[in-house]
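Visitor: The structure's right below; bear with me while I get my questions together.
The values are calculated or read from the model by the stated rules, or taken from the named source; none is laboratory data. Keep in mind it's a predicted model, so treat the numbers as computed, not measured. For neighbour counting, all protein chains shown are included, and Cβ atoms are generated from backbone atoms with ideal geometry for every residue, glycine included. Only protein heavy atoms, including side chains, enter the accessible area calculation; ligands, DNA and RNA are left aside. Shrake-Rupley method; radii C 1.70, N 1.55, O 1.52, S 1.80 Å.
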Amino acid sequence: MWIVVAFFASTILSVVVLRWVPVWFTPLMFIRLAEQSAADKPLTLHHHWVSLDEMSPSLPLAVMASEDARFLEHHGFDYKAIEKAAMRNIKHPEKTKHGASTISQQTAKNVFLWPGRSWLRKGLEVYFTVMIELCWSKQRIMEVYLNSIEMGDGIYGADAVAAYHFNTTAKELSKAQCALIAVSLPNPRRMNSASPSSYMLRRQQRILHEMRFVQPL
């Protein structure tokens, strides 16, 4: 009983505190450092926390257009996207499985959990997604997401990727650069926004088009 009480007390406190306190480190950052160490690679971690006001307004639009078009409408879970992904996976089991994680779910995973596909991790992801949707504003969820998500090899967050991929700041990112960053998010260590492939450039144009129809924060 005390273990359960301690779990809920600590997690609720963490969510409440992080409503205002910057997220300086995430579990994934430490996992990547451990992977680099195991592979005898230089330890690399670039992360600069900046507020949402210090980011280009095009960046939230780009990630919503690419990752979660109904971010401002749902309460953590996009059931239409989940149904669509499930139907596609059933019809085409031989192809790569499609997920339907929202920005809220990805934020919960990035900040509180570890990568993986176990039922335990997925259950905790649901729990933390509900918690941040209840305790944080959409603007805060987006701010934490854009500061904590992996955007390159050893690069985390908008200001770090702006500096190391585009030699600028998060505030000065152009629409085109924001769209390229959004393209890379599904696999930022393979899709380099600083050196985009032809596929990335085609996807960039699609996101730039869809950004015109996304409601701003």
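Visitor: How do the peptides 139-151, 71-83 rank, highest first, by the average count of neighbouring beta carbon atoms within 10 Å per residue?
Guide: The peptides rank, most packed first, as 139-151, 71-83.
Visitor: Taking Rg and Dmax of the Cα atoms in Å straight from the coordinates, which label in [x] 16.8, 60; [y] 17.3, 55; [z] 15.6, 45 is the correct one?
Guide: [y]
Visitor: Something else now. Taking the Cα centre of each part, how many Å lie between segment 1-17 and segment 117-175?
Guide: Centre-to-centre (Cα) distance: 23 Å.
Visitor: Further, regarding this structure: For the chain, what does -39500 (n - 2.57) per DSSP helix run (n ≥ 4), summed and divided by total residues, give at 222 nm, in deg cm²/dmol to the nearest 500?
Guide: Result for the chain: -17500 deg cm²/dmol, rounded to the nearest 500.
Visitor: Hey, what do the phi angles of segment 148-162 turn into as Karplus ³J(HN,Hα) couplings, whole Hz, using 6.51/-1.76/1.60 and θ = phi - 60°, x for Gly and Pro?
Guide: 10, 6, 6, 10, x, 6, x, 10, 10, x, 5, 6, 5, 5, 4
Visitor: For a quick check: with amide H placed at 1.01 Å from N, whose amide H comes under 5 Å from I155's, ignoring anything fewer than 5 positions away on the same chain?
Guide: Amide H neighbours of I155, under 5 Å, 5+ apart: H46.
Visitor: Calculate, for the chain, the solvent-accessible area per residue in square angstrom, rolling a 1.4 angstrom probe over the heavy atoms of the protein chains.
Guide: 55 Å²
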